[in-house]
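Colleague: Mind having a look at this structure? Questions to follow.
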Amino acid sequence: MEIIELTVHELQEKLKSKELSIKDITKAYTDRIKEKENDVQAFVTVLTDEANKKAEEMQEKIDKGEVKGAFAGVPIGIKDNICTKGVKTTCSSKMLENFVSPYDATVMEKINDENMINLGKLNMDEFAMGGSTEYSYFYPTKNPWNLNKVPGGSSGGSAAAVAANMVPWALGSDTGGSIREPASFCGVVGLKPTYGLVSRYGLVAFASSLDQC
């Protein structure tokens, strides 16, 4: 089985047993992004170079015993309405085309605390207002199972990236189905947590009384 076909749990086990290194895993995913992204168009901002550099740094720290954690070195993709310090957060809109957040969303702080590796920001319907990811300002995302079909929305980039094995898992957001619908369309698992269970701080709002990371 190829690295990109492993579950997150299997990646963790192989990292723990030293059967795979963080560099091996990250390179497998960045190579896959280079192979599939032109067709699927799941990303707004690709961070492959940054991810490979971080993987090297993380591997050194783990080898020295400086970093521990259940998810250290596991790659992830982030929906582009979740603020990421130093990386563009566009909400797939013209208005925020070049916006770089000065802070991380709480969910990103938690991901960074776990030393996960961000592979990039994922496409969506503009400001999460849509159900097909055809309404991104940049370009529509395609369903990796059939490029003539939509991946659902608004977290279509997140679901399509997982389905295409470009990321092992991804963050999305759901107001009225925006995680659940694209997960269904792309044949992957999507979870909308109980409202209030996961912090919305740093999630660009659509409807604050319903939004969930």
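The values are calculated or read from the model by the stated rules, or taken from the named source; none is laboratory data. Note that this is a predicted model, so its numbers are computed, not measured. Every residue, glycine among them, receives a Cβ derived from its backbone with ideal geometry; neighbour counts consider all protein chains shown. SASA here: full protein model, heavy atoms, side chains in, ligands and nucleic acids out. Shrake-Rupley method; radii C 1.70, N 1.55, O 1.52, S 1.80 Å.
Colleague: What's the long-distance tail for the chain, i.e. % of Cα pairs beyond 26 Å? Intermediate values should be presented prior to the final figure.
Modeller: Details: 6579 of 22578 pairs.
Percent of Cα pairs beyond 26 Å in the chain: 29.
Colleague: Once the Cβ-Cβ distance between N148 and E60 is put in as r, and R0 is 41 Å, what FRET efficiency do you end up with, to the nearest 0.05?
Modeller: 0.40
Colleague: Between A205 and E19, what FRET efficiency follows from the Cβ-Cβ distance if R0 is 35 Å, with the result rounded to 0.05?
Modeller: The calculated FRET efficiency here is 0.25.
Colleague: Could you check how much of the accessible area of the chain is carbon and sulfur, as a whole percent, using a 1.4 Å probe?
Modeller: 51 percent
Colleague: For a 27 Å ceiling on Cα separation, which of these pairs sit above it: K110/K192; K94/K121; K27/K88; K53/K192; K27/K192; K61/K192?
Modeller: Table pairs above 27 Å Cα-Cα are K53/K192; K27/K192; K61/K192.
Colleague: Rolling a 1.4 Å sphere over the protein heavy atoms, what is the accessible area per residue of the chain, to the nearest Å²?
Modeller: For the chain, the solvent-accessible area averages 48 Å² per residue.
Colleague: Okay, moving on. Given R₀ = 25 Å, FRET efficiency for K53-E97 by Cβ-Cβ distance, to 0.05?
Modeller: 0.50
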